[in-house]
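The next block holds one structure in the form of structure tokens; read it before the comments.
Nothing in this text is a laboratory measurement; each read-out follows from the coordinates by a stated rule. Given the structure is predicted, the values throughout are model-derived calculations rather than measurements. Ideal geometry is used to build each Cβ from the backbone, glycine not excepted, and the neighbour counts take in all protein chains shown.
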Amino acid sequence: MDFSTHLTARLPAYLHDLETLVNIDCGTSNKAGVDAVARVLRERFQQFGAEVLDFPQAQYGDCIYGRWRGRGDARIVMIGHMDTVYADGTAAQYPFRKLGTRLKGPGVNDMKSGLLAGLYAASAVVQVGFDQFAEIGLFCNSDEEVGSPVSRALYAPLVRGADAALILEPARESGAIVSARKGVATYRVTVRGKAAHAGVEPDRGASAVVALAQHILALQSLNGFRPGLTLNVGVVRGGTRANVVADLAEAEIDVRLARAEDAAPLEQAMRGVLAREVVPGTSATLSGGVKNPPMEKTAAIMRLVALAQNAARELGFEIEDVATGGGSDGNYAAALGTPTLDGLGPVGGNGHNVIEEFCDANSIVPRTALLAKLIVAIAREKL
């Protein structure tokens with residue numbers, strides 16, 4: 001199946017669609033913008049012969065799921081997101097543009113190029129006449145940049161029991177795909193003390209700020225508590241005025257976990273730190289927990305990596321697989337027990353930086369062809 005020739009012929013249409021999508025402001029909170037992206041994708045789904053399921057939303061953009069049905073047994077679900085991190089007006093200020101082989105614009109890399117890669121890859125599989133699959137689907141998420149609070153409950157029934165979940169986040173700048181992602185946990189430390197006049201009777205107070213400062217140093221020492229675990233105290237606030245001994249202080253903590261089994265021991269260690277009365281008269285509590293489970297590299301994921309690497313070789317290039325600390329819908333898909341592979345969009349970099357974000361134009365055809373060949377390979381394993 002010569003996917004490269006097929007997709008090269010369709011590259012002008014792909015680039016036209018990419019320009020259209022990039023020039024739409026669609027930050028997560030801009031429902032109208034995300035819905036506009038969904039309308040463009042729905043039109044392409046229908047043009048490419050897919051059935052479209054709509055998932056209307058009140059707060060976030062509407063989600064859609066396009067699917068093609070075949071005569072085989074494999075069910076393959078791709079996931080991509082339509083929202084970006086950018087504020088309204090960004091598309092007008094930094095519209096789609098070509099700088100040599102680099103395509104620029106808000107969301108061009110994260111992840112409008114990936115969405116279109118999934119759409120064009122699935123269409124290519126169907127157009128070349130391959131139908132030995134039960135279903136190829138593409139779920140278009142509307143709120144991934146804030147953790148998929150609505151979308152993940154919608155795609156869970158589609159992903160659960162599928163033969164593979166293919167996540168259309170961009171390939172790493174090196175060209176690597178993603179076979180593992182750390183989980184994300186967020187915590188809040190709240191320290192309570194006793195207020196007093198800092199000039200007249202400071203001895204009657206118990207400073208929550210001073211206690212929190214000491215707790216922070218101890219918490220930061222938990223970095224590396226388990227392999228791959230990182231902890232960052234990123235936000236600190238406390239006190240009301242300089243001349244008042246602070247009776248309240250808080251810190252927000254980001255934790256990245258390589259293994260789900262490390263969460264409970266970490267929380268126990270954190271609570272042990274906070275149980276110490278480092279400043280007499282103060283007390284500390286911990287709240288929060290894991291919000292995005294790790295995507296751990298399982299034997300099933302290693303099999304998908306092997307299929308992807310073989311497909312790349314057939315196309316004339318090599319790919320590596322890597323682990324990353326950032327979360328995606330791949331974390332949620334893997335937690336459902338579905339073999340998951342991520343980073344299957346075109347090559348790019350500098351996501352979330354509108355000035356530097358780019359997609360490598362030369363990677364679009366080979367990476368979309370890779371995705372199409374991977375879909376076929378997964379389906380053929382079920383024959």
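Miscellaneous remarks
- When the Gaussian network model of the chain links Cα atoms closer than 10 Å, the mean-square fluctuations of Asn310, Asn30, Asn243 top out at Asn243.
- The chain: calculated mean residue ellipticity at 222 nm from DSSP helix runs of at least 4, using -39500 (n - 2.57): -11000 deg cm²/dmol
- Relative contact order computed over the range 325-376 (Cα-Cα under 8 Å; 6+ residues apart), in percent: 25 percent
- If you plug the beta carbon distance of Thr101 and Arg313 into 1/(1 + (r/R0)^6) with R0 = 25 Å, you get a FRET efficiency near 0.60.
- Taking the Cα centre of the chain as reference, the dipole from Cβ charges on Lys and Arg (+1) and Asp and Glu (-1) amounts to some 340 debye.
- The range 183-292 - Debye-derived log10 I(q)/I(0), Cα point model, q = 0.13, 0.24 Å⁻¹: -0.48, -1.22
- Between the C-alpha center of the range 5-37 and that of the range 264-294 there is a gap of 44 Å.
- Computed on the range 324-383, the Cα convex hull volume stands at 91 Å³ per residue.
- Nitroxide proxy distance, nm - points 7 Å out along Cα→Cβ at Ser174 and Thr285: 4.5 nm
- Distances between placed amide hydrogens fall under 5 Å for Lys291 paired with Val184, Ala185, Thr186, all partners being 5 or more residues away or on another chain.
- Rg/Rg_ref, the range 284-335, where Rg_ref = 2.2 N^0.38 Å and atoms are Cα: 1.60
- Euclidean distance of C-alpha centroids, the range 247-262 and the range 79-102, integer Å: 32 Å
- GNM top mover of Pro227, Pro294, Pro149 - the chain, alpha-carbon springs below 10 Å: Pro227
- Note on Glu252 and Arg39: the model spin-label points, each 7 Å out from Cα along the C-beta direction, lie 3.4 nm apart.
- Fewest-first ordering of Lys373, Lys382, Lys297 by other beta carbons within 10 Å of each residue's beta carbon gives Lys382, Lys297, Lys373.
- Legend: ranking of residues Tyr86, Tyr187 from fewest to most surrounding C-beta atoms inside 10 Å; resulting order Tyr187, Tyr86.
- Across every direction, the projection of the convex hull enclosing the Cα atoms of the range 71-197 has a mean area of 14.2 nm².
- The equivalent ellipsoid of the range 245-341 has semi-axes of 42, 13, 10 Å, largest first, where each one is the square root of 5 times an eigenvalue of the Cα gyration tensor.
- Which of Ala275, Thr8, Thr285, positive extreme of dipole for the chain (C-beta unit charges): Ala275
- Test item: Cα-centred dipole of the range 110-196, Lys/Arg +1 and Asp/Glu -1 on Cβ, debye: 780 debye
- Acute angle (nearest 10 degrees) that the helix 3-22 long axis makes with the longest principal axis of the chain, alpha-carbon atoms: 50 degrees
- Just so you know, the averaged projected area of the alpha carbon convex hull for the chain sits at 20.4 nm².
- Between Leu154, Leu217, Leu248, the Gaussian network model of the chain with springs among Cα atoms under 10 angstrom shows the greatest mean-square fluctuation at Leu217.
- Computed from phi, the 3J(HN,Hα) profile of the range 199-216 under the Karplus parametrisation 6.51, -1.76, 1.60 (θ = phi - 60°) reads x, 8, 9, x, 5, 7, x, 9, 6, 5, 5, 5, 5, 5, 4, 6, 4, 4 Hz, with x in place of Gly and Pro.
- Mean Cα-pair separation over length for the chain, i.e. relative contact order, pairs under 8 Å, 6 or more apart, %: 24 percent
- Net charge dipole size for the range 183-292 [Lys, Arg +1 and Asp, Glu -1 on Cβ; Debye, nearest 20]: 120 debye
- Here the range 145-180 and the range 43-71 have alpha carbon centers that stand 17 Å from each other.
- Each residue of the range 50-64 was assigned a 3J(HN,Hα) from its phi angle through the Karplus curve 6.51 cos²θ - 1.76 cosθ + 1.60 (θ = phi - 60°); the sequence is 8, 7, 10, 9, 9, 10, x, 10, 8, 8, 9, x, 6, 8, 9 Hz, with glycine and proline shown as x.
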